[in-house]
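Undergrad: Provided herewith is a single structure, encoded as structure tokens, for subsequent inquiry.
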Amino acid sequence: MDANPARAGVRRRRWTRALEVTVGSVVAVALTVTLGPMSQSATPAPDAPVSPRNGTYLVEGHGHGHGRGMSQWGAQGAAIKGVSHQQILSTYYPGTALGSGSDNSLIRVWISDDNDNEVRVAPTAGLTLAAGNQILQLPGRLASVAVTRWRVRLVNNVAVADGLGTDSVWRSVGMPVGSPIEFRPGYGETLRLVLPSGAMRDYRGDLQAVRDSGTLRTVNETTMGSYLRSVVPTEVPSSWLPAALNSQAVAARTYALWSMRYRHRGFADICDSTNCQAYRGVRSVSSAGRVTRTWEAAGTDRAVATTAGQWLSYRGAPALTEFSSSNGGRSVYGGLPYQPARVDPWDGVAKSTEHAWSATLPVSRITAAWPGIGTFTSLQVLSRDGQGEWGGRVVSIRVIGTRKSLTLTGAAFCNELGLLHRWFNLRR
């Protein structure tokens, strides 16, 4: 979900000042929705302990991700059936309303992979450095040496900018500055961030060095539209049908607005990982300067433009529009009125390896994860949520060994062992 035009002429408006809500503008779909945990007559009894066969379990499962809110594969399935993006959104987030805003508003994204306490940028035409009311045009050469990198680093807890030449000597530009400071591109240019690994990424907008409790953070400030142009194709395939891509664009925009309002840190509004939403800028570049991947795509650019400014509100505020790859045919209650548990008739329409999956689980992986149990003997599912095949998603599971046994949540068990989701069944 990312993209950003040149900085010139962009007004620094915040979404919270420019949001309008159109109540009832989302069309309802005639599907049964339960606004709370789905209940059955009884909670399933614990499964019997299951021992492996030949040192391996066969695991059958449904879904990938947390299962709350919108299923991305479900949205694609709905699009295949001709459902509009408004209907898709009103079904996955019932009770929300469609609002309008401006994609020219700014968002600050924490670039979490740049974690070496420096911000390094490759030189580009028109590059400037700004700190407060100080603006410095960054030259292409310092003391007759071509600059290959500009950086900001902390020296005695003061941010200092300098340039790296071909002789690998840092030469200060004589401008110690306070935090935050910004690298700004020339008109129509992107900025190329150099990561600690040497790989690089191109971003629209500014790249900021922001001091946070003695650490120098890297923040990309860009427009909401530019941000979404990267996020949407990073989250879903850009080849999907327009209704699915439009749904993803609106859900991603709304999630960003929710984060800006409720979850933002002092130095950024949102992060760039799947802990928030995946964001990779315009393109990835190798240390040798070769473009390895372009993140923006024509299909998702159209989706961002088609839905420009559209977001989902609940009682006038941005909704928490969580989404995951596949719910396996049943969504999970998320604790909010618009995050119901419900049967999903769309997840499974489009063929995927995430709606229904299988995996082998060797005992060696289990013992490596929990060596303190002694010799591993068996697994026992203790409780499920009662929703669907095999009694539903695993709530708790016991790992049994000769020395001791451990009781884990289904989510913790899957995260440790790399299983796609906690809706699974064990077979010998």
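Undergrad: With the requirement that a residue be touching a residue at least 40 places away in the same chain (Cβ under 8 Å) and among the hydroxyl-bearing types (Ser, Thr, Tyr), what does the range 193-234 give you?
TA: Of everything in the range 193-234, those that are touching a residue at least 40 places away in the same chain (Cβ under 8 Å) and among the hydroxyl-bearing types (Ser, Thr, Tyr) turn out to be 197, 203, 215, 218, 222, 223, 226, 227, 230, 234.
Undergrad: Hey, another quick one. Quick one: which of 106, 142 is under 21 Å from residue 204 (Cα atoms) and among the aliphatic types (A, V, I, L, M)?
TA: Exactly one residue qualifies, and that residue is 106.
Undergrad: With respect to the numbered conditions (1) modelled with pLDDT under 95; (2) touching a Cys at 6+ places or on another chain (Cβ under 9 Å), which one is the sole condition not fulfilled by residue 132?
TA: (2)
Undergrad: Additional query: Residue check, residue 135 against (1) under 21 Å from residue 217 (Cβ atoms); (2) out of contact with any Pro (no Cβ under 8 Å at 6 or more places or on another chain); (3) among the β-branched types (Val, Ile, Thr), all met but one. Which one?
TA: Going through (1) under 21 Å from residue 217 (Cβ atoms); (2) out of contact with any Pro (no Cβ under 8 Å at 6 or more places or on another chain); (3) among the β-branched types (Val, Ile, Thr) one by one, residue 135 breaks only (1).
Undergrad: Next up: Using the structure shown, decide if residue 241 is surrounded by fewer than 24 Cβ atoms within 10 Å (Cβ to Cβ) and farther than 21 Å from residue 77 by Cα.
TA: No, not satisfied.
Undergrad: Output the number of residues of the range 354-375 satisfying the condition of being in contact with a strand residue (DSSP E or B) (Cβ under 8 Å, 6 or more places away or on another chain), touching a residue at least 60 places away in the same chain (Cβ under 8 Å) and under 19 Å from residue 55 (Cα atoms).
TA: Summing the residues that are in contact with a strand residue (DSSP E or B) (Cβ under 8 Å, 6 or more places away or on another chain), touching a residue at least 60 places away in the same chain (Cβ under 8 Å) and under 19 Å from residue 55 (Cα atoms) in the range 354-375 gives 6.
Undergrad: If you don't mind, another one. Please find, among 290, 280, 315, the residue that is touching a helix residue (DSSP H, G or I) at 6+ places or on another chain (Cβ under 6 Å) and either over 24 Å from residue 352 (Cα atoms) or aliphatic (A, V, I, L, M) (or both).
TA: Of the residues listed, the single one that is touching a helix residue (DSSP H, G or I) at 6+ places or on another chain (Cβ under 6 Å) and either over 24 Å from residue 352 (Cα atoms) or aliphatic (A, V, I, L, M) (or both) is 280.
Undergrad: Any idea which residue in the range 98-114 is farthest from residue 317 (Cα to Cα), counting only those that are assigned to a loop (DSSP other than H, G, I, E, B) and touching a helix residue (DSSP H, G or I) at 6+ places or on another chain (Cβ under 9 Å)?
TA: Of everything passing the filter in the range 98-114, 104 is farthest from residue 317 (Cα to Cα).
The values are calculated or read from the model by the stated rules, or taken from the named source; none is laboratory data. A quick note: this is a predicted structure, and the numbers were derived from the prediction, not measured. Using ideal geometry, Cβ is built from the backbone for each residue, glycine included, and neighbour counts are taken over all protein chains shown.
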